[in-house]
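The values are calculated or read from the model by the stated rules, or taken from the named source; none is laboratory data. Computed from a prediction, not measured in an experiment: that's the story for all the values here. Methodologically, a virtual Cβ is constructed for each residue, glycine included, from the backbone with ideal geometry; neighbour enumeration extends over all protein chains shown.
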Amino acid sequence: MSILCLVLVLMLSSASSTSCCTERENNCLLQFLAGLSQDGGLAASWRLGTDCCSWEGITCSSMVSKDAMVTDVLLASKRLEGSISPALGRLPGLLRLNLSHNSLSGGLPSEVMSSGSIIILDVSFNSLGRILPLSPPLTTGLKLPLQVLNISSNKFSTELPSLDGMAHLITLSASNNRFSGHIPTNFCTNLPSLAVLELSYNQFSGSIPPGLGNCSRLRVLKTNSSMLSTSIECLSFPNDNLHGTLEGENVIKLGKLATLDLGENNFSGNIPESIGQLNRLEELLLNNNKMYGGIPSTLSNCTSLITINLRSNNFSGELVNVNFSNLPNLKALDLLWNNFSGSFPNCLLLIYGKIPRWLSKLSSLEMLILNRNQLTGPIPDWISSLNFLFYLDISNNNLTGEIPTALVQMPMLRSEKSAVQVQLHPRAFQLPIYSLTSLLQYRKANAFPIMLDLGSNKFTGLIPPEIGQLKGLLELNLSANKLYGDIPQSICNLTNLLTLDLSSNKLSGTIPAALKNLNFLTRFNISYNDLEGPIPTEGQLSTFTDCFIGNPKLCGPMLSHRCSSAKAVPAPASTLSTGEFSDKVIFGITVGLFFALGVLLDQMVFSRMNIPDDGHYSNPSKFRVNLPLLELVCTL
């Protein structure tokens, strides 16, 4: 077996050493050599009668056969001068042809462009000119195998052809030439596999064709400023692995731009100051890139901006440099995951003063979150005019005054739960919203509960009994204020409540027994008030423990202060069941009968004892025998 293997190895070695290129391939290569005015020393090895597989820059396939096949002609940077012979396009097995970085002139032969075998063609950095030859039309049904075409840094002129038939082309580099006219609009149709398109430093006119947006595999696009005409309104290349910087001189030419979406790419550099000249810009999406520097103050000149998304970059500096109050249409601002420093702009925080009246003009407002600011003054009466507002959070401010009746007249809070769900539109937010407490991400408005949060302010007065009309509420927070008086009985009507927090106020009186009917409560807190009496031990309230502390006058099994029997408060008659009511009636009738019987017996005794009308008893000792019977009746 070992001898057989040795013989096979010798046979393979002999076949490989004796294989050579065909006479046709020799002739094709010698024709190319003959077309050169300066061969860069190739003639020393490119000699007639020798195997072309051994020539400089030539690679043949490793085949166990009599003849090999030329697969590579790699002659980059050989100081070649002259023209390219069409004969190179007739090499049947040629896969890669690299003639870059020479001084070749003339045209690129159509035979080379239309080769049925070449997959990589690089003739960059030469002096080739005239017209780039057209590939065979689609009517021939021929699909060329060419995948990489690099003709950059030459002298090609006229218009760029549509390159029909190159369905496998992945990379087209045609930058630094003299191409003019418009970029073909059907690039994505003819070149469905195109991933890299380099067209910079040419003489194109017009704008980037909209059809390029349909190139699903396009990852790199390099264009010159002449393509960015002032007529373009939308420049959108999200998630395309593009790279580069935003050049200020190019941005100026986009005067009619409304949308600039370059998110989720590899752009670097900063936002140029010239962006302030895009006064029609509505959407600026540069998220998830590698951009850095500060946000230019000129951005506040883009008064049409609706959405700004700079998330996940390396932007830094202070935000106070930008006057966001000059952007009246701004609805979404995402600056998450950057390196900003300093204080947050007051115009974004609504930092201090009264709740601004301009909010009343937002007739479609559904959610208003102004918590953790420095707002002062009362809740304005116009709050009830916001017919679609279902989520109001003005907690952690310095608001004062009483809870206005206007607040308890808000339509969406008064609606039943089912009605509210119908009215809330399930549309998604333009940007996701994060809850600071739960760190949950919300993308739709109807994912939020119907809520009224007035906690941690300086509200005074009574809790208005009209609050029981807000039957749509799921969360109610009035904690950490200066409210006093009783817990209104009407609050027990809010049977949909999930959260009720009345803690840290000055509430007094007893806990309404009907609170036990709030069967959906998951959070309940009335601690640190001045409540008194027994805690209802029935229903949902019996499941809470630490929510009653700070009320020294309260008693119950969940506190260390237990209630005595004398402190027990009977339930209101309206809450008795049918069976309990019947028992009470029978008991009352029985007591009445015993009492009547006692009175009758007394009269009989008195008549026998002849007690005078003046009330003086002649024999008091005999009268005492009737007292035990009377005491028995009273005890019953």
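Go through (1) farther than 18 Å from S115 by Cα; (2) surrounded by 20 or more Cβ atoms within 10 Å (Cβ to Cβ); (3) of a type in the set (A, V, I, L, M, F, W, C) and name the single condition A34 misses. For A34, the failing item is (2). Considering only residues in region 110-143 that are under 47 Å from the mean Cα position of the chain (by Cα) and among the polar types (S, T, N, Q), the one that is modelled with the lowest pLDDT turns out to be S135. Screening region 146-205 for residues that are touching a His at 6+ places or on another chain (Cβ under 8 Å) and over 28 Å from S103 (Cβ atoms) and picking the one that is modelled with the lowest pLDDT gives S205. Only residues that are buried (at least 21 other Cβ atoms within 10 Å of the Cβ) and outside any helix (DSSP H, G or I) were counted in region 180-195, giving 3. Restricting attention to region 469-490 and to residues that are part of a loop (DSSP other than H, G, I, E, B) and surrounded by fewer than 22 Cβ atoms within 10 Å (Cβ to Cβ), the residue that is nearest to the chain's Cα centre (by Cα) turns out to be L474. Pairs linking a residue in region 285-296 that is in contact (Cβ under 8 Å) with a residue 40 or more places away in the chain and farther than 11 Å from F267 by Cβ to a residue that is among the acidic types (D, E) and surrounded by fewer than 22 Cβ atoms within 10 Å (Cβ to Cβ), with Cβ atoms under 7 Å and 6 or more positions apart or on different chains, are L285/D261.
Given the criteria buried (at least 16 other Cβ atoms within 10 Å of the Cβ), over 24 Å from E538 (Cβ atoms) and of a type outside the set (F, W, Y), does N525 qualify? Considered against the rule, which asks whether it is buried (at least 16 other Cβ atoms within 10 Å of the Cβ), over 24 Å from E538 (Cβ atoms) and of a type outside the set (F, W, Y), N525 comes out as no.
Here's the yes/no breakdown for (1) closer than 28 Å to A480 by Cβ; (2) assigned by TED's automatic domain parsing to the domain that holds N289; (3) modelled with pLDDT of 85 or more:
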| site | (1), (2), (3) |
| --- | --- |
| N321 | no, yes, yes |
| N329 | no, yes, no |
| W337 | no, yes, yes |
| N371 | yes, no, yes |
| G377 | yes, no, yes |
| N387 | no, no, yes |
| D393 | yes, no, yes |
| I403 | yes, no, yes |
| A406 | yes, no, yes |
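Looking only at residues of region 522-548 that are in a loop (DSSP other than H, G, I, E, B) and of a type in the set (S, T, Y), we find that the one that is farthest from T499 (Cα to Cα) is T537. Would you pick out the residues in region 500-521 that are within 16 Å of C547 (Cβ to Cβ), modelled with pLDDT under 95 and either outside the structural domain of T537 (by TED's automatic domain parsing) or outside any loop (DSSP other than H, G, I, E, B) (or both)? Passing the criteria: L515, K516. Scan region 360-367 and give yes if some residue there is in the same structural domain as F390 (by TED's automatic domain parsing), surrounded by 14 or more Cβ atoms within 10 Å (Cβ to Cβ) and over 22 Å from the mean Cα position of the chain (by Cα), otherwise no. Checked against the condition, which is being in the same structural domain as F390 (by TED's automatic domain parsing), surrounded by 14 or more Cβ atoms within 10 Å (Cβ to Cβ) and over 22 Å from the mean Cα position of the chain (by Cα), region 360-367 yields at least one hit. Of all residues in region 273-304, those that are surrounded by 20 or more Cβ atoms within 10 Å (Cβ to Cβ) and farther than 16 Å from L333 by Cα total 4.
Does any residue of region 89-110 turn out to be among the polar types (S, T, N, Q), without any contact (Cβ under 8 Å) to a residue 60 or more places away in the chain and surrounded by fewer than 17 Cβ atoms within 10 Å (Cβ to Cβ)? Yes, the conditions are met somewhere in region 89-110.
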